[in-house]
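Shown next, in structure tokens, is the structure this report addresses.
All of the numbers you see were taken from the coordinates with simple rules; none came from a lab. Remember, predicted model here, so these are calculated numbers, not experimental data. Virtual Cβ from ideal backbone geometry, glycine too; neighbours counted across all protein chains shown.
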Amino acid sequence: MTGASDLGDPATDTEPDRHDVLAEVSRLIAELDRHPDPAVGESVATLLGGIDAVHRTGLTHLFGAVQELGGEAFVNKLTADAAIRLLLMSYDLLAVDRRLMTEEALDAVRGHLHGHGVDVELLEVAGSEVFVRLHGLDETSLPVDAIRRDIEAALREGPIGFQFLTFGERERPKPAALVQLGGRRPITRPIYHPGCAVDDLEPGQMKAVDVQGHPVLLANVAGEIYAIANRCGETPLPLEFGTLDGPTLLCTWHGCRYDVRSGARIDDPAAPRLPVYPVRVDGEAILIAMGVEDVPPGEGS
């Protein structure tokens, strides 16, 4: 029989830091993936794939049973817990509600800012950019830079893929002014060139291709295809030897981290972005836009 002394002191036992555990796991996986013996990296990939398959199958069956037995009301109550909701979303069992996740992240700092007379209104979540409006700036002694740092810190802990915080509404493109027909510029459209076959780029994979003499790197992020310049910054060093984790590409040359969706440097937002090319899937082929051509008169109307 286990004695009371073996149970530990509830007042002193603390929950392990999930962030530290995840960071350590990621470090160990990366270390094994870089092992000089290629077989080690292949074994790690196979192991992780097997673990993912077991978890995905079990969670899918479990979630289906919960829905069947408990109904939508119980599922809604269950997924009100942020940790449970994030787990289910990571296995595609729930749609990712980025606005809800952003609101919850902002709640972590709203109380503190409200105590200083500042209220934060979420306007929009567009890709990796969050747009907010601040109320009460005239009555607060807090510097705007300090408010920005607090909000950005909260957002980094919350929404998946957060990169940029903007105060104010997103700028919308202004309607083009009417021009005289004599001064009208020709309408152009992008020219798409073959990249590779759809089957050659599985989710989570990257593939280097050459398009009209330009080195391009294709990346498949959960089924969405993106194309960026295949070079690290302004150097000619290719990114194809890096590792892709979701939308984040880690360069093995300098340790730079890029968002393949926008070409932005995650570790240095002030750095110039990589060129991003439009992509289109046509049947079994992935096409990449490079250059433009004039639209014949009458075809673009």
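Put a dot 7 Å past each Cα toward the Cβ at residue 280 and residue 137; how far apart are the dots in nm?
My value for the distance between the label points is 4.2 nm.
Decide, for the range 218-287, between rounded, prolate and oblate: order the square roots of the alpha carbon gyration tensor eigenvalues as a ≥ b ≥ c, take rounded if a/c falls under 1.5, and otherwise choose prolate if a/b is larger than b/c, else oblate.
prolate
If you add up the charges near residue 256, with Lys and Arg at +1 and Asp and Glu at -1, over every other residue whose beta carbon is less than 10 angstrom from its beta carbon, what do you get?
0
What is the local net charge at residue 133, summed over the other residues whose Cβ is closer than 12 Å to its Cβ (Lys, Arg +1; Asp, Glu -1)?
-3
Looking at 117, 147, 130, which one has the Cα that reaches farthest to the positive end of the dipole of the range 98-167 (charges on Cβ: Lys, Arg +1; Asp, Glu -1)?
Selected residue: 130.
If I stretch the segment between residue 170 and residue 254 completely, what's the gain in nm (0.36 nm per residue apart, minus their alpha carbon distance), one decimal?
Gain in length upon complete extension: 26.9 nm.
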